[in-house]
1. If you check Val114 against the conditions, is it surrounded by 15 or more Cβ atoms within 10 Å (Cβ to Cβ), among the β-branched types (Val, Ile, Thr), modelled with pLDDT of 95 or more and in contact with a Ser or Thr (Cβ under 8 Å, 6 or more places away or on another chain)?
2. Any chance segment 72-91 includes a residue that's part of a strand (DSSP E or B) and free of Cβ contacts under 8 Å to residues at least 60 places away in the same chain?
3. Within segment 171-203, restricting attention to residues that are within 14 Å of ligand 4 (Cβ to nearest atom), among the charged types (D, E, K, R) and modelled with pLDDT of 95 or more, which residue is nearest to Leu228 (Cα to Cα)?
4. Filter segment 89-141 down to the residues that are within 17 Å of the chain's Cα centre (by Cα) and of a type in the set (Gly, Ala, Ser), then identify the one that is nearest to Glu166 (Cα to Cα).
5. Among the β-branched types (Val, Ile, Thr) and modelled with pLDDT under 95: is that true of Ile79 in this structure?
6. Being near ligand 1 (Cβ under 6 Å from one of its atoms) and surrounded by 19 or more Cβ atoms within 10 Å (Cβ to Cβ) is the filter here, so list the residues in segment 63-78 that pass it.
7. Given the structure, is Val241 assigned to a loop (DSSP other than H, G, I, E, B) and within 18 Å of Val114 (Cβ to Cβ)?
8. Restricting the search to segment 166-193, which residues are under 16 Å from His146 (Cβ atoms) and within 16 Å of ligand 1 (Cβ to nearest atom)?
Amino acid sequence: RAKQEGRNTYRLYRPEMDIQARNHLSLETDLRNTVESGQGLEMVYQPLLSSQDGSLVSAEALLRWHHPTQGVISPANFIPLAERSGLIVPLGNHIIDLVFNQLQAWIAQGLDPVPIAINLSARQFWQEDLTEQIVTKLKAHDLPPHLVSFELTESTLLNKKAQGIEVLERLRDIGCHIAIDDFGTGYSSLSYLQDLPVNTLKIDRSFVKTLGGDKRGSSAIVAAVAGLGRELGLKVVAEGVETEQQWQLLGDHQVDLIQGFLHGKPVSADFFTQRWLSKRENTPSAALGCPPQP
Ligand code: C2E
Ligand code: MG
Ligand code: MG
Ligand code: MG
């Protein structure tokens with residue numbers, strides 16, 4: 001429409017803007033209340049499986065917000081808001097508590113939980129006392145650190161590589177694992193990677209999505225990242241695996257782990273326990289037999 005009105009038309013005011021701004025404000029208020037009360041926040045868990053035999057290797061914890069009136073809101077819609085408003089810091093602490101409580105509960109139930117990955121947003125990562133907090137919480141929950149890993153995106157370390165490496169080294173020294181999330185979508189150079197004390201690369205879903213399709217580049221990218229990971233001694237995960245064909249191609253490229261709706265959607269802790277953890281001994285066949293997902 002702006003085009004029709006000509007190039008020099010300024011549109012300073014649109015009623016939609018007002019509505020958007022108001023929605024944002026009230027969403028921020030709602031989120032603040034939610035973070036303060038801790039009510040309505042739930043972690044769901046998505047399995048990461050061996051691409052070779054389908055056995056359960058790890059899981060990613062993903063946040064769900066049960067909004068009092070709007071139903072479940074996707075983290076893609078409120079994590080950026082939490083990040084901008086600073087709410088991500090108390091929210092992030094709450095997320096760590098929820099996951100650590102869950103791990104502790106699984107151990108108390110006599111289960112043998114897999115390592116759980118927690119997403120860290122930039123502001124959380126750069127908290128002065130992040131590593132101290134993690135150490136304190138691990139002790140309080142009596143958890144072995146290898147059960148915890150953290151996912152961060154390339155942009156988190158942007159322009160602050162040296163300081164970032166220090167934080168990562170502290171996390172590594174604690175005994176936690178680190179994954180680079182959404183790998184391939186950021187701006188980091190490849191040489192950058194060799195200095196980072198990380199364990200895992202997660203190939204972004206956008207490359208997996210077009211795998212086997214007309215966009216031939218994605219296959220080359222997946223192959224390159226898998227090769228890079230192998231050379232650097234890193235585990236490579238493909239996220240967003242939705243089809244048998246993608247799974248097959250990822251296996252051909254020797255990607256180590258797969259995560260996606262094909263084998264497992266993110267599910268509640270209870271369902272994850274039943275469907276995945278309590279069956280760990282016989283997961284290989286069970287995982288690939290793939291009963292319907294909720
Ligand atoms: P992410 O860390 O890259 O998480 C993977 C996202 O891909 C999740 O979306 C997951 O549900 C989705 N996914 C997994 N497999 C498939 C698939 O086969 N097909 C499709 N279409 N999607 C798939 P989700 O849970 O909506 O989270 C979106 C993003 O929000 C996450 O991306 C992460 O950046 C952020 N996020 C989620 N939970 C947290 C959290 O606890 N803390 C922080 N800081 N960020 C979080
Ligand atoms: Mg992630
Ligand atoms: Mg990801
Ligand atoms: Mg992603």
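1. On the way: surrounded by 15 or more Cβ atoms within 10 Å (Cβ to Cβ): yes; among the β-branched types (Val, Ile, Thr): yes; modelled with pLDDT of 95 or more: yes; in contact with a Ser or Thr (Cβ under 8 Å, 6 or more places away or on another chain): yes.
Yes, satisfied.
2. To start, the set of residues in segment 72-91 that are part of a strand (DSSP E or B) comprises 72-73.
Narrowing further to those that are free of Cβ contacts under 8 Å to residues at least 60 places away in the same chain: 72-73.
Within segment 72-91, one or more residues are part of a strand (DSSP E or B) and free of Cβ contacts under 8 Å to residues at least 60 places away in the same chain.
3. Here the residue is Lys202.
4. Per the stated criteria, the residue is Ala122.
5. Working: among the β-branched types (Val, Ile, Thr): yes; modelled with pLDDT under 95: no.
Taking the combined requirement at face value, the residue does not satisfy it.
6. First, pick out the residues of segment 63-78 that are near ligand 1 (Cβ under 6 Å from one of its atoms): 63, 74-76.
Passing the criteria: only Leu63.
7. Numbers: assigned to a loop (DSSP other than H, G, I, E, B): yes; within 18 Å of Val114 (Cβ to Cβ): yes.
Against the criterion (assigned to a loop (DSSP other than H, G, I, E, B) and within 18 Å of Val114 (Cβ to Cβ)), Val241 qualifies.
8. If the condition is that a residue be under 16 Å from His146 (Cβ atoms) and within 16 Å of ligand 1 (Cβ to nearest atom), then Leu171, Cys176, His177, Ile178, Ala179 are the ones that fit.
The values are calculated or read from the model by the stated rules, or taken from the named source; none is laboratory data. All figures in this text were calculated on a predicted structure; none of them were measured in a lab. Note that each Cβ is placed from the backbone with ideal geometry, even for glycine, and that neighbours are counted across all protein chains shown.
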